[in-house]
Amino acid sequence: MSDQFPILIVLAPLFGAVIIGLVGSRDHRVCMPVVLVALFTSLSAVIGTLTQVLETGPVDYFVGGWEPGKMAPGIHGPVEIAKGFGIQLRVDTLNGFLLLAIAIVSIFVSIFSIRRVNQKAASKTPQFYTLYLLLCVGLFGMTITGDAFNLFVLVEVTSLTSYALIAMGSKRRGTMAAFNYILMGTVGASFYLLGVGYLYLQTGSLNMAHIQEVLAANDFEIGRSKPVMVAFILIMVGIWIKMAFFPLYGWLPNAYSYCPSTSSCILAPLMTKISVYIMIRVMLSVFGWEWIFVDHVGWSDAVVILAVIAILAGSTLALAQRELKKMLCYLIVAEVGYMVGGAWLGDPERWGMSGAAYHILADAFMTLCLFLCAGIFAKKANATRIEHLSGMFKKMPLTMTGFVVGALAMIGIPPTCGFFSKFYLIRGGIEGGHWEFVIALIISSLVNVVLFFRIFEIAFFGAKPAEGHDHAHHDDEKDDHSTNDELTLLEREAPLRSLIPLFGTTAIIILLGVYNGQIVEWIRLTIKP
Amino acid sequence: MLEFIQDNIQPYFNYWVYVILMMIGLWATIAKNNLIKKLIGMSIFQTAIILFYVSVGVKGEGSKIPIVNPYTEAKSAEVVGADQHGEHGAKGGGEKYIVEPDNYANPLPHVLMLTAIVVGVATLGVALAVVQMLFKEFGTLEEDEILAQIKNADSASPDV
């Protein structure tokens, strides 16, 4: 049984999606239990696989038993299966933790989504959960797969479901944003596919490990050819579009800020981060770090400079936003800059790439925490803009506590994971001699201080009365909710189904910070050559 | 000029066409104002990549579809003991076919493209559904008109 865990991670949500698609439309109450059973099955399979990985090293799984070296029936009797056949799933310490993060985030968001989905269209509940589980299939699959073409298919599974989730039940601007995202996402995925085509042309294989073997053979005889270089550039551009790296980030802010809050809660923490993981995976496991950092030294410098611009631009644009969700979206752009810059700092022996890998985990939970809060504020207090948050510490102290933890992690205050990931990234920047990256990280942290303390101030002391129109308007709207003093704390505060995921996330943010040394040590087992 | 064409364009004709098609598609995706035209551009872009992959599978003159024909194509050489591989080699009466890979087109890129075509159809379907939603909301498919409507709505009520 336990040797089937890797495929079970992906299959459990897939079967769940099929069941909901078939049965859900008859009875909506089926949806939630099926979602939870599927995701908890995945979670336990992830935990099972991860313990195997930590005990005995990377776990390989060959779908359908197409394992190289095994005998398969041929026309003239058994034939030995050559390398590169079949789809390989591979779990090591780098993606094992990411799988765990995906499972936890998706369970939290599914709890958060109870009674939220069907505000606008009650009949769409089963469709929403089908898409939700398919999105989880795609995310798990992207993380676990060891096959370059399979990765493309799973990227498209994820993207297609996310287009639908963004367009579903969103406002006018959300639909337009979803359309732009479809165009950008498709172009990105197509570039990736083209890059894989060039790699296949040169190596004759689609299996990541086998491609690397062929590229590195005879002192990079094939690796130094021009098509491989073209392939690398195409794959990188494709992935950068998917992760909204600086010049290609145009689709992200609108798509994530105008979609329903349950959709943004699952998409914002995971989509961009998994794309960053794919970039690291392609750099390490397909091309190999020697190829990138020794053969093409100039590239890494250029990418780090792009990352610096991404960090500064994301932070500056975030500072200009008055809408909470949009501000968070621009922060994601800056965070993507952190991770890409960190990954390109050079030699994995240094701390940059490990810092980036750890930051993927940290950032997933930080972003989840803040987006959960934004969702709660929007639903419970009808507060989507920063001014609307005035007096929030009094009205919803528990939610605000969660928000403070998320914000402190984003700024980088010691007990939270945000501090340690920044610490590793800065250490990597100093080791690599990229002082501009170090300075950009520090500036971005300062901007985050300004951003979040502005919100704390408004939430604690109330907004300035200058924007009278907004304020009056706002009071009218939330009259029935929270301005009435006679409401008890419990009635004013968000319901338990929102608070459980929120506090679960805050606990993980702090735990990730406390145990950072051990986790980074494990991640480095895979990253160090 | 003729030499240039013979040396650089003729042997790589498929690849030139795929690059040109891809650029047409990319240009339409970015520059066209009508949303349906953008989608057509997107489809051309995806199809160009399919052309690239199919071209990769070609192996020069004489390569055929990858189905081994025991009667015409394969050379029969060494006779294998029928007892050893009885059930598998039964068809040819114990003869072993030496399949010459150069005689057959590479089937793998074609198979990959089957998947890519399915993905392309699904993307187009979702995109058309979204376009339909947009048309219901805005009553137009011209991008500038939609953006103008969004802008007007913004200035009317900045809170939304």
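The values are calculated or read from the model by the stated rules, or taken from the named source; none is laboratory data. What you see is a predicted model, and the numbers here were worked out from it, not measured in a lab. Neighbour counts run over all protein chains shown; Cβ positions are idealised from the backbone, glycine included.
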Of the residues in the stretch A:478-529, those that are modelled with pLDDT of 75 or more and either of a type in the set (Lys, Arg) or closer than 30 Å to residue A:93 by Cβ (or both) number 30
Residue B:101 - would you say it is within 9 Å of chain A (Cβ to nearest Cβ) and more than 26 Å from residue B:30 (Cβ to Cβ)? no
Of (1) modelled with pLDDT under 80; (2) surrounded by fewer than 17 Cβ atoms within 10 Å (Cβ to Cβ); (3) touching a strand residue (DSSP E or B) at 6+ places or on another chain (Cβ under 7 Å), residue B:96 satisfies all except one. Which? (2)
Flagged in the stretch A:189-210 as more than 11 Å from chain B (Cβ to nearest Cβ), under 26 Å from the mean Cα position of the chain (by Cα) and crowded, with 23+ Cβ neighbours inside 10 Å, in numbering order, are A:207, A:208
Considering only the stretch A:134-157, I want to know if a residue exists there that is within 30 Å of residue A:495 (Cβ to Cβ), among the hydroxyl-bearing types (Ser, Thr, Tyr) and either at pLDDT 90 or above or out of contact with any helix residue (DSSP H, G or I) (no Cβ under 7 Å at 6 or more places or on another chain) (or both). no
Among (1) in contact with a Gly (Cβ under 8 Å, 6 or more places away or on another chain); (2) part of a loop (DSSP other than H, G, I, E, B), residue A:31 falls short only on (2)
Do you know which residues across the stretch A:48-59 are surrounded by 15 or more Cβ atoms within 10 Å (Cβ to Cβ) and of a type outside the set (Ser, Thr, Tyr)? A:48, A:50, A:52, A:53, A:58, A:59
Condition met for residue A:450 (farther than 29 Å from residue A:104 by Cβ, without any contact (Cβ under 8 Å) to a residue 24 or more places away in the chain and part of a helix (DSSP H, G or I)): no
Residue count for the stretch A:389-423, restricted to those that are hydroxyl-bearing (Ser, Thr, Tyr), outside any loop (DSSP other than H, G, I, E, B) and surrounded by fewer than 24 Cβ atoms within 10 Å (Cβ to Cβ): 1
